[in-house]
Amino acid sequence: MIASLLAVVLAVQLSLPQLFDQALSASREGRFGDALPLWDQVLELAPTDASAWSNRGNVALAMGDPQAAIANQGRAIALDPEQGDPHLNRGTAEESLGQWDAAEADYRWILERDPTDASALYNLGNVQGSRGDWLAARTSFTAAADARPSFAMARSSAALAAFQLGDLVEAERQLRNLIRRYPLFADARAGLTSLLWQRGAAGEAESHWAAASGLDPRYRQSEWLSQIRRWPPEPVHALESFLALASR
């Protein structure tokens, strides 16, 4: 509370560009309690600044208020209808509420204008997977990874979708390639653990799990995997089975 009040006091003494930079820095550093009153100050001075509305929406979502985030992104879109970021950001907030139709509409709005937008393709894949359409999700994840070759999470998601669809050979190939390129990438190691366990290679599964769990302990949490990371059901169940035996 004291930090937020101090931010407001300091904001009064800043010019609009300085204030915008202060708000942006606080947002990027994860100091959302400071960032929100700073964005309010920016918008008092510049109520038609679409970027400020969009940034305020991102902070609102980070602070657990997706409805405010959607409203803020809507203001940004109304003020600058041709910008893609507010659509992407609004889609993320809509996803958090399970508003799949609305989120898909925002992502497709972007893709109609740029079919190779990797972030929109990846988010669309998450929506499709959440609806249970893993074939479409695999296509979207693969397109996202092709559009941005360094997008490791998109490639991992494509491999996990292949796992869900029963294409274990291709899933394993992609996950092993990811691990060779990014040895510290926990998602690929956890995914390969699940796949190896599924096909009976318990020893190698344990080896990859030792690395994955050390890199990111959240992979022990089934709810996080399915609800936040949004793995497909088959990899989640296989990893649950592995962990149930490993804990005995």
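Points to keep in mind about this one:
- Output for segment 49-93, where each listed residue is crowded, with 18+ Cβ neighbours inside 10 Å, among the small types (Gly, Ala, Ser) and more than 20 Å from Asn123 (Cβ to Cβ): Ala50, Ala52
- Restricting segment 176-197 to residues that are touching a residue at least 24 places away in the same chain (Cβ under 8 Å) and polar (S, T, N, Q) leaves a set whose member that is nearest to Leu135 (Cα to Cα) is Ser194.
- Selection count where residues are outside any helix (DSSP H, G or I) and farther than 20 Å from Phe151 by Cβ, scope segment 178-221: 4
- Residue within segment 138-151 that is at pLDDT 95 or above, in contact with a Phe, Trp or Tyr (Cβ under 6 Å, 6 or more places away or on another chain), buried (at least 19 other Cβ atoms within 10 Å of the Cβ) and within 30 Å of Pro115 (Cβ to Cβ) present: yes
- Considering the conditions (1) within 24 Å of Asp106 (Cα to Cα); (2) surrounded by 17 or more Cβ atoms within 10 Å (Cβ to Cβ), Leu38 is excluded by exactly one of them, (1).
- Single unsatisfied condition, Trp109 versus (1) in a helix (DSSP H, G or I); (2) out of contact with any helix residue (DSSP H, G or I) (no Cβ under 7 Å at 6 or more places or on another chain); (3) modelled with pLDDT of 95 or more: (2)
Yes/no matrix, rows are residues, columns are (1) farther than 28 Å from Gly74 by Cα; (2) among the aliphatic types (A, V, I, L, M); (3) part of a helix (DSSP H, G or I); (4) in contact (Cβ under 8 Å) with a residue 12 or more places away in the chain:
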residue	(1), (2), (3), (4)
Ala93	no, yes, yes, yes
Asp101	no, no, yes, no
Gly129	no, no, yes, yes
Thr142	yes, no, yes, yes
Ala161	yes, yes, yes, yes
Gln174	yes, no, yes, yes
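- Residue match in segment 198-220 (condition: surrounded by 14 or more Cβ atoms within 10 Å (Cβ to Cβ), under 16 Å from Tyr122 (Cα atoms), under 17 Å from the mean Cα position of the chain (by Cα) and touching a residue at least 24 places away in the same chain (Cβ under 8 Å)): no
- Top-ranked residue of segment 94-113 - restricted to ones that are touching a His at 6+ places or on another chain (Cβ under 9 Å) and closer than 17 Å to Asn58 by Cβ, ranked as surrounded by the fewest Cβ atoms within 10 Å (Cβ to Cβ): Ile110
The values are calculated or read from the model by the stated rules, or taken from the named source; none is laboratory data. Quick caveat, the model's predicted, so the values are computed rather than measured. Every residue, glycine as well, gets a Cβ built from its backbone with ideal geometry; the counts of neighbours run over all protein chains shown.
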